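Only one structure is covered here, and it is reproduced in the block below.
What follows is calculated from the coordinates using simple rules that are stated; it is not laboratory data. Only a predicted model underlies this, so the values are computations on that prediction, with no experimental measurement involved. Positions of Cβ are generated from backbone atoms using ideal geometry, with glycine treated the same way; all protein chains shown enter the neighbour counts.
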Amino acid sequence: MKTVIAISLALVVGFAQAACPNQCSGHGTCGVDEVCTCYPGWGTGGNAGGDCSERFCPHELAWVDNPMRDGDGHRYAECSNKGTCNREDGQCTCFDGYEGKGCGRQSCPNDCSGHGTCEYMKDLAFGIVFNEYYDGSSNSLSGLGAGGKTFDQDYSWDQDRARACVCDAGWMGLNCAERMCPYGNDVMDVIPGFDENSLLGMPGYGNEVAQVQTVTLYDADLSNANFASKTFAMQFTSKLNETYVTQPIMWDTDSNLATSIEIALKKLPNKVIDDVDVIVDSTDDASGVIIEVAFTGAAVQGKQHKLEILQDKCEEGCNPRITGLTNIRTFSTTTLSTVEISTAGSHNSFECGRRGTCNRESGMCKCYTGFTGDTCSILTALI
């Protein structure tokens, strides 16, 4: 009788041990159907069940997958289908060009070579400066630093996953590894109306037109009184995307304001603006001013980026320290403060003046025979 009981107990114990594989590896529970119900994050071979001995890896929207019956794609996939899963620790090993816990975002080539930042697609803006995007409609971006145009928020499923390099000033390329070279006018360009029988700089070369940018600033109360004795600044971005900010500019009478703006722009470092002419007139209703800035210098021939008006208060710890034009008008279709290119210049602006090649390692121009200067815009021989 004892022998029978012992054999029965042994069978029961043996049956219990064989009920679920590996006793679910300690990472699940064994059901009455002898199938493991694994704890979250555990399974076998990337699937639920088995002996619960292997880890799952993070899931993200798949970069590439087969469409479903209804044509939908980009389902959630382990490691976003752009990496392999280490079943021991549950970590993804992403393929080149992808990163993140679940390989859910792109990386930038060579980390932008140390000369730029890696930005999400949704943050890539239209235009180098804020003022280069403006549609003139009511309640739109004012063009005075409200922000460049970016993709609509529902533009794409990967707008917050795909990334690209935004290069620092003076650098370019997909990985920001190439130097930019100076820009200048092509000295051999013929201007409409130019007397071809005369030499450059001689009589007959009198039809060139400088680019003019018109800055219109309105007082929100349409009185022009709120700006009296206030200070603001202007920001200029060169063709190499270098940013320069003027000294504080005091709001004054039209003539004094014009002089102050002209001096401030010419005093920017490195002679980035070598010459400008400024005219200031009051608006017809005396509620603001119209500032016309003509880029007359040789270094700023051709199309330039729009000026930016720094009108927000910037006091202790700021440079430049300005009181700001705190009551500027940015919400009307008829009296809206804007920056616009009112006159297109007759000159152009090319890298190395279109008369040389750029050395991408040094950022210096190698001029063609007969041309010299930083931008190859000086003619040394008639050819």
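Structure summary
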read-out: Hits among lysines - C-alpha to C-alpha of Lys230 under 24 Å, sequence gap 8 or more where chains match; value: Lys266, Lys267, Lys306, Lys313
read-out: Sites Ile263 and His74, calculated FRET efficiency, Cβ-Cβ separation with R0 45 Å, nearest 0.05; value: 0.20
read-out: Spherically averaged projected area of segment 28-93 from its Cα convex hull (nm²); value: 5.3
read-out: Amide H within-cut-off set for Tyr98, under 5 Å, with H built and near neighbours excluded; value: Ser107
read-out: Which of Glu351, Glu340 has the fewest Cβ neighbours within 10 Å, and the rest in rising order; value: Glu340, Glu351
read-out: Label-point gap, in nm, between Leu124 and Asp275 - each point 7 angstrom along Cα→Cβ; value: 4.0
read-out: Total formal charge among the other residues, if their Cβ is under 9 angstrom from that of Arg87, Lys/Arg +1 and Asp/Glu -1; value: -2
read-out: All lysines inside 20 Å of Lys366 as judged from Cα atoms, apart from same-chain residues fewer than 8 positions distant; value: Lys239
read-out: Net length gained if the chain between Phe151 and Glu242 were fully extended (0.36 nm per residue, minus Cα distance); value: 30.3 nm
read-out: Extension gain from Val166 to Lys101, taking 0.36 nm per residue of separation minus the Cα-Cα distance; value: 21.0 nm
read-out: Contact order normalised by residue count of segment 254-346, Cα under 8 Å, 6+ apart, percent; value: 19
read-out: Debye log10 I(q)/I(0) for segment 211-343, one point scatterer per Cα, at q = 0.10 Å⁻¹; value: -0.30
read-out: Volume in Å³ per residue [convex hull over Cα atoms, computed for segment 273-315]; value: 114
read-out: Mean Cα-pair separation over length for segment 243-286, i.e. relative contact order, pairs under 8 Å, 6 or more apart, %; value: 38
read-out: Percentage of interatomic Cα-Cα distances in segment 303-383 larger than 22 Å; value: 57
